[in-house]
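Worksheet: one structure, shown below.
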Amino acid sequence: MSEQKDSRIGSSGLLTQIDRKIKSLAKTKEELDKKSQQIPRPSLITARDLERIDFSDELSKIKEVQRERLLEDMSQILNDKIKELEQKENAELEKEKVLENLTNALNEKVFQLEISNRLVLEQKKRSDELNLQLQETIKKLNDAEKELKIERDWLADQVEKKSLEVLTTIDQLIKAENK
């Protein structure tokens with residue numbers, strides 16, 4: 001009977017210890033639940049993690065497991081953020097490269113247009129010079145034509161006078177012979 005009493009007391013003491021451990025685990029779980037709500041992507045403790053827990057150091061082991069999980073989650077978040085930043089950086093670099101290529105192409109076109117404009121200006125200047133020379137030549141030709149017309153008219157007058165003189169002389173010679 002005393003053994004039964006001892007076993008009841010012993011089992012009662014064991015039950016009390018187990019109850020305390022259960023309460024402690026429940027309290028720790030509540031604390032972990034509160035903390036896990038603050039974490040962006042909480043992860044649950046797995047059966048494997050629970051197997052690693054020894055009830056004698058349950059709080060420190062739970063904290064350690066939770067810390068490991070938190071670190072894993074945070075490292076995953078950090079890796080995701082790094083990938084996201086790398087993608088943004090690569091996109092920015094690609095945009096800069098495209099912008100640089102466009103700028104270079106535009107600069108090349110502007111340079112070509114400037115050369116074309118210079119050539120057009122040079123050709124216009126040359127054309128203006130040729131037009132001026134042509135106008136001067138036409139003026140000289142007109143002046144020469146006027147002079148030739150004056151000379152032709154003068155020569156025509158002279159020829160007419162000489163012809164009249166010759167005719168008069170011939171007429172006089174004919175009259176003189178007839179006499």
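The values are calculated or read from the model by the stated rules, or taken from the named source; none is laboratory data. Predicted, not measured: the structure shown is a model, and the values here were computed from it. Note that we place each Cβ from the backbone using ideal geometry, even for glycine, and neighbour counts take in every protein chain shown.
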Could you check how many residues of segment 121-179 are exposed (fewer than 10 other Cβ atoms within 10 Å of the Cβ) and assigned to a helix (DSSP H, G or I)? 4
If the Cβ limit is 6 Å and pairs must be 6+ apart or interchain, which residue in segment 67-88 that is assigned to a helix (DSSP H, G or I) pairs with which residue that is polar (S, T, N, Q)? 69/43; 73/43
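A quick yes/no check of all residues on (1) under 30 Å from residue 18 (Cα atoms); (2) at pLDDT below 90:
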{"site": "45", "(1), (2)": "yes, yes"}
{"site": "58", "(1), (2)": "yes, yes"}
{"site": "67", "(1), (2)": "yes, yes"}
{"site": "71", "(1), (2)": "no, yes"}
{"site": "89", "(1), (2)": "no, no"}
